[in-house]
Amino acid sequence: MISVENHIPVKKEFGEAFEARFKSGTRHVQDSPGFVRNEVLRPIKGEHYIVRTYWESMESFEQWTKSEAFKQAHSNTPSGEMFGGKSFLTIHEVVVQTTKA
């Protein structure tokens, strides 16, 4: 399984609007083959939100980025004034996962 994290610097005054975009649904990604789950992490310190998706494989993620659903999900990008800089992506392989028993 892999984790893809989009680190997005959102200005504090736009935090609620940014979160609302995800609370209204992530229908474009949730039906994608290989998709596991999505998390939106609000910063406690700093200005970067993290939008994290989990995928069964790197291939699943790459297919998502080439899909029509991906284009639709990213077609309504908010204005640049919402952001405090450039976002960046990190991708990790999940090698250990622990959950509460």
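Using C-alpha pairs below 8 Å separated by at least 6 residues, the relative contact order for region 2-77 is 38 percent.
Multiplying the residue separation of E68 and Q30 by 0.36 nm and removing their Cα-Cα distance gives an extension gain of 12.3 nm.
Give the shape of the chain as rounded, prolate or oblate, defined through the alpha-carbon gyration tensor: a ≥ b ≥ c are the square roots of its eigenvalues, a/c under 1.5 means rounded, and otherwise the shape is prolate if a/b is larger than b/c and oblate if not. Note, shape of the chain comes out oblate.
Here the Gaussian network model covers the chain, with springs between Cα atoms less than 10 Å apart; of T90, T53, T77, T77 fluctuates the most.
Multiplying the residue separation of S87 and N38 by 0.36 nm and subtracting their alpha-carbon distance yields 15.9 nm. In this structure, the residue pairs whose Cα-Cα separation is over 18 Å, taken from K11/K71; K11/K86; K45/K100, are K11/K71; K45/K100.
How much length would be gained if the chain were fully extended between R21 and T98, taking 0.36 nm per residue of separation minus their Cα-Cα distance, in nm to one decimal?
Numbers: separation 77, 0.36 × 77 = 27.72 nm, distance 2.95 nm.
Roughly 24.8 nm would be gained on extension.
Projecting label points 7 angstrom from Cα along Cα→Cβ for E47 and K11 puts them 0.9 nm apart.
Each value in this text was obtained by applying a stated rule to the coordinates, not by laboratory testing. Given the structure is predicted, the values throughout are model-derived calculations rather than measurements. A quick note on method: Cβ atoms are made from the backbone with ideal geometry, for glycine too, and the neighbour counts reach across all protein chains shown.
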